[in-house]
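Novice: Can you keep this structure in mind? I'll have questions shortly.
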Amino acid sequence: MADKKQHILLDHGGGGQLSHELISGLMLPAFRNDILAQLNDGALLDIGANRLAFSTDTYVVDPVFFPGGDIGELAVNGTVNDIAMCGAVPLFLSAGLVVEEGFAMADLEKILASMGRAADAAGVKVVTGDTKVVPRGVADKIFINTSGIGQIHAGVNLSAEKARAGDCVILSGSIADHGMTILLQREEMAFEARLQSDTAPLNFLVARMLAASGEIHVLRDPTRGGVGSALNEIAVQSQVGIRIHEDRIAVKPAVAGVCDLLGFEPLYVANEGKLLAFVAAPHAEKVLAAMHEDPCGRDAAVIGEVVAENPGTVVMETRIGGSRIVPMLTGEQLPRIC
Amino acid sequence: MTVNGKPAYSRKELAAAFAARIRDAVRRPMRLMEVCGTHTVSIFRNGIRTLLPPEIALLSGPGCPVCVTAQQEIDAFIALARIEKVTVATFGDLMRVPGTLSTLRSEKADGRDIRMVYSALDALNIAAHNPDRRVVFIGVGFETTAPTIAASIVMAADRGINNFSVLAAHKLVPPVLAALMESGGVQIDGFLLPGHVSVIIGAQAYLPFVQQYGIPCVIAGFEAEDILNAILKLARQVANGGARLENAYKRVVSFEGNPRALALMHTVFEPVDAPWRGIGTIAASGLKIRKDFSRFDARKVFALDVPETGEPPGCACGDVLMGRKTPPQCALYKRICTPANPVGPCMVSSEGSCAAYYRYHGD
Ligand code: SF4
């Protein structure tokens, strides 16, 4: 067995237990500061009278082109969404590219064009960038880092610690589309299933929601690790229990079928165009109505509620009315999903 | 049942109705074993235990194909992968199972050609497309997968694909049921018998077992309602002192099974004594490739010399598979053995009891 203490394992990048150990064991001590320590999707900054959100993410998805998108679009939407989840309007992005020697020029053009289109669609500008080329074999095809800055909506104050007993948990649509699309592309599968990544910018949806209610406590896009991991993190950070209902969580039949076949649980599969919102119960209807107006929130539904019992734990009422724990997953996510 | 095109009952109502009937039927504590790993997972995923009265204890049995594969067999798979020009094709679950010194996954990371496939026929295709490689499919599993593997061997013979072979490590369900009863130490009041295996071997295959040991047995499907229905039937038999075989999965499982699949299986394979992890050798509980097809038998094609080994120290997989221990009763469970860092196969396979407990049980 590889020694966890000696070497980096793929699971250290998986978003599960080992990722957490890496962040709290190495990152936090190295950079020691109060803002990083909040561990939000992005950093919340007060600069003069301005409240800004600042976030960064690196994309290594394999394959780089997949049904429903490509690495460029994903890189723009991903950072746009991280900023949106801070309750901010994303404004400016940077793009850093690491390209492998020999990568097809036409593919690079396609990826950049798609980044441009994605930025236009999200209403952000890519204002600075950098490109490095490394020898063949040193990196696989292309990796992209994006960072972004956004301005936090006036009066908005979101954080993963703010879920409260009595909040409704809202999910913006069907889950597991992105992750299963990528996996299916990678497996040499003997069958065809038409899956599509859900990659999309969520900033307009978030703006509608924040306009509809001042009682949204937490926003989170359940990417790597899926809805199951995101809910667990919020349960821990807010020290509350979360109860969800399996029959209210939408999974497209084709996605559910592939999950079954490959032995994945949709709850832990990555999404790239979905969000979870924790909203004070009396405001849930208003927020839902606003979400239904947006193409990214058409299928939004209340999937559960926050409870005082069992802080730090997510429990699911199953389709047949039984109940079970939804644990934090350890070391089972596959690499290079995003 | 539907009324105006809509189900007359919701799944929750149906499950609640089953649960109420099960409660009515139960007179005394009973221990029921679900033999099949797919049942174990369905029971956990659906939270079925939370609907049952406290008198019913569900035990997981030796029905996860990866879990029952002996350490020695895993070592043989790894030895095979190290032979020059060999491509090993296997089901994904096997990749992470620790052998004595390595796993197929780390062998793959070291550059050996190991591919994940979903059926033996995929492996046959790899062989057809790579004539310079010697492609070996690792045949693990129960009667469910054996016929397809037999078919791949027959096809290889027909099409003259001579760079294909199978390392047969199959296990058979009825013999291990008998071994469970003989082993003593586990008190079992009834068996929930596997659906998929029964599709192939038919309900008839269990009759000798039920007659010899006089124990209630019910063949069950995999939906939550199928399982609840089968538990109800078992509970009623236990309460009334019954010892019958019932088929609660008639929409798929027939009395005689699938004669074509069985014939194919018997054309290619014959029973052989086989090693089970943590249990030991059980007579006529495995399958070996018949002489007529020996040129597709990886055990014959490659002179594999793998030393006998025991189980990983401290791993209680054998006890878990036999229902003698629940995973939390294993000293390594959660402390040292986790899905990220598994010690035994029961923590690796998605159908393994330890992995299921870890994922869904909560403590
Ligand atoms: S917890 Fe791990 S070591 Fe213990 S029986 Fe299960 S697989 Fe073996």
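The values are calculated or read from the model by the stated rules, or taken from the named source; none is laboratory data. Predicted model, so just to flag it, every value in this text is computed and none were measured. Here Cβ is always computed from backbone atoms with ideal geometry, including for glycine, and neighbour counts include all displayed protein chains. Please note that ligands, DNA and RNA were not included when accessible areas were found on the heavy atoms of the full protein model with its side chains. Shrake-Rupley method; radii C 1.70, N 1.55, O 1.52, S 1.80 Å.
Novice: Which ones in the range B:327-353 are surrounded by fewer than 21 Cβ atoms within 10 Å (Cβ to Cβ) and more than 10 Å from the ligand (Cβ to nearest atom)?
Specialist: Those that are surrounded by fewer than 21 Cβ atoms within 10 Å (Cβ to Cβ) and more than 10 Å from the ligand (Cβ to nearest atom): B:340, B:350.
Novice: Among B:231, B:289, which is the only one that is away from chain A (no Cβ under 14 Å) and either within 16 Å of the ligand (Cβ to nearest atom) or open to solvent by less than 30 Å² (accessible area, probe 1.4 Å) (or both)? Spell out how you get there, then give the answer.
Specialist: Working: B:231 fails: away from chain A (no Cβ under 14 Å).
Answer to the selection: B:289.
Novice: Here's a follow-up. Let me spell it out: the conditions are (1) within 14 Å of chain B (Cβ to nearest Cβ); (2) open to solvent by 20 Å² or more (accessible area, probe 1.4 Å); (3) in contact (Cβ under 8 Å) with a residue 60 or more places away in the chain, and residue A:260 meets all of them except one. Which number is the exception?
Specialist: Of (1) within 14 Å of chain B (Cβ to nearest Cβ); (2) open to solvent by 20 Å² or more (accessible area, probe 1.4 Å); (3) in contact (Cβ under 8 Å) with a residue 60 or more places away in the chain, only one is false for residue A:260: (3).
Novice: Where in the range A:1-115 are there helices (runs of 4 or more DSSP H), lying fully within it, with 2 or more residues that are within 30 Å of residue B:343 (Cβ to Cβ)?
Specialist: Where helices (runs of 4 or more DSSP H) fall fully within the range A:1-115 and carry at least 2 residues being within 30 Å of residue B:343 (Cβ to Cβ), they are A:17-22.
Novice: Okay, moving on. Can you run down the residue pairs with Cβ atoms below 8 Å, 6 or more apart or on separate chains, where the first is in the range B:317-334 and more than 14 Å from residue B:60 (Cα to Cα) and the partner is at pLDDT 90 or above and more than 7 Å from the ligand (Cβ to nearest atom)?
Specialist: Filtered contacts from the range B:317-334: B:334/B:328.
Novice: Evaluate the following for residue B:322: is it open to solvent by less than 10 Å² (accessible area, probe 1.4 Å), modelled with pLDDT under 95 and more than 8 Å from the ligand (Cβ to nearest atom)?
Specialist: Details: open to solvent by less than 10 Å² (accessible area, probe 1.4 Å): yes; modelled with pLDDT under 95: yes; more than 8 Å from the ligand (Cβ to nearest atom): yes.
Yes, satisfied.
Novice: Something else about it: Could you tell me whether any residue of the range B:309-317 is within 11 Å of the ligand (Cβ to nearest atom) and within 11 Å of chain A (Cβ to nearest Cβ)?
Specialist: First pass over the range B:309-317, keeping only residues within 11 Å of the ligand (Cβ to nearest atom): B:311-317.
Checking the rest, the ones that are also within 11 Å of chain A (Cβ to nearest Cβ) come to B:312.
Yes, the conditions are met somewhere in the range B:309-317.
Novice: So, in the range B:98-135, of the ones that are at pLDDT below 90 and under 18 Å from residue B:151 (Cα atoms), which residue ends up surrounded by the most Cβ atoms within 10 Å (Cβ to Cβ)?
Specialist: B:117
Novice: Now a separate question. Against the conditions (1) away from the ligand (no atom under 13 Å from the Cβ); (2) open to solvent by less than 30 Å² (accessible area, probe 1.4 Å); (3) of a type outside the set (D, E, K, R), where does residue B:263 fall short? Just the number, please.
Specialist: Against the list (1) away from the ligand (no atom under 13 Å from the Cβ); (2) open to solvent by less than 30 Å² (accessible area, probe 1.4 Å); (3) of a type outside the set (D, E, K, R), residue B:263 comes up short only on (2).
Novice: Which members of the range B:236-273 meet the condition of being without any contact (Cβ under 8 Å) to a residue 12 or more places away in the chain, of a type in the set (Gly, Ala, Ser) and not in a loop (DSSP other than H, G, I, E, B)?
Specialist: B:263, the sole residue that qualifies.
Novice: Restrict the check to the range B:221-229 and report whether at least one residue is in contact with a strand residue (DSSP E or B) (Cβ under 8 Å, 6 or more places away or on another chain) and over 16 Å from residue B:188 (Cβ atoms).
Specialist: Within the range B:221-229 (the criterion being in contact with a strand residue (DSSP E or B) (Cβ under 8 Å, 6 or more places away or on another chain) and over 16 Å from residue B:188 (Cβ atoms)), the answer is yes, since at least one residue qualifies.
Novice: Could we say that residue A:312 is within 14 Å of chain B (Cβ to nearest Cβ) and either of a type in the set (Asp, Glu) or farther than 27 Å from residue B:339 by Cβ (or both) here?
Specialist: Working: within 14 Å of chain B (Cβ to nearest Cβ): yes; either of a type in the set (Asp, Glu) or farther than 27 Å from residue B:339 by Cβ (or both): no.
For residue A:312, the condition - within 14 Å of chain B (Cβ to nearest Cβ) and either of a type in the set (Asp, Glu) or farther than 27 Å from residue B:339 by Cβ (or both) - is not met.
Novice: Has the range B:332-351 got at least one residue that is among the polar types (S, T, N, Q), in contact with a helix residue (DSSP H, G or I) (Cβ under 8 Å, 6 or more places away or on another chain), away from chain A (no Cβ under 14 Å) and assigned to a loop (DSSP other than H, G, I, E, B)?
Specialist: Looking through the range B:332-351, none of the residues is among the polar types (S, T, N, Q), in contact with a helix residue (DSSP H, G or I) (Cβ under 8 Å, 6 or more places away or on another chain), away from chain A (no Cβ under 14 Å) and assigned to a loop (DSSP other than H, G, I, E, B).
Novice: Something else now. Of all residues in the range A:309-318, which are of a type in the set (D, E, K, R) and either without any contact (Cβ under 8 Å) to a residue 24 or more places away in the chain or surrounded by 19 or more Cβ atoms within 10 Å (Cβ to Cβ) (or both)?
Specialist: Answer for the range A:309-318, where residues must be of a type in the set (D, E, K, R) and either without any contact (Cβ under 8 Å) to a residue 24 or more places away in the chain or surrounded by 19 or more Cβ atoms within 10 Å (Cβ to Cβ) (or both): just A:317.
Novice: Let me ask something else. Got at least one residue in the range B:4-11 being modelled with pLDDT under 95, more than 14 Å from every other protein chain (Cβ to nearest Cβ), surrounded by 19 or more Cβ atoms within 10 Å (Cβ to Cβ) and at negative phi?
Specialist: no
Novice: Does the range A:210-218 include one or more residues that are buried (at least 23 other Cβ atoms within 10 Å of the Cβ) and over 28 Å from residue A:92 (Cα atoms)?
Specialist: No, the conditions are met nowhere in the range A:210-218.
Novice: Now for a separate question. Any residue in the range B:36-63 that is on the phi > 0 side of the Ramachandran plot sitting within a Cβ distance under 8 Å of a residue that is among the aliphatic types (A, V, I, L, M) and not in a loop (DSSP other than H, G, I, E, B)? List the pairs, counting only those 6 or more apart or interchain.
Specialist: B:47/A:316
Novice: Also, I was wondering about something else. Give B:356, B:303 a once-over and let me know the one that is away from chain A (no Cβ under 14 Å) and either exposed (fewer than 15 other Cβ atoms within 10 Å of the Cβ) or not in a loop (DSSP other than H, G, I, E, B) (or both).
Specialist: Exactly one residue qualifies, and that residue is B:303.
Novice: Something else about it: Please find, within the range A:91-109, the residue that is farthest from residue A:202 (Cα to Cα) out of those that are open to solvent by 50 Å² or more (accessible area, probe 1.4 Å) and touching a Gly at 6+ places or on another chain (Cβ under 8 Å).
Specialist: A:92
Novice: Does the range A:298-308 include one or more residues that are hydrophobic (A, V, I, L, M, F, W, C), without any contact (Cβ under 8 Å) to a residue 24 or more places away in the chain and surrounded by fewer than 17 Cβ atoms within 10 Å (Cβ to Cβ)?
Specialist: No - not one qualifying residue is present in the range A:298-308.
Novice: Within the range A:8-39, can you find the residues that are of a type in the set (D, E, K, R), open to solvent by 70 Å² or more (accessible area, probe 1.4 Å) and within 14 Å of chain B (Cβ to nearest Cβ)?
Specialist: A:21
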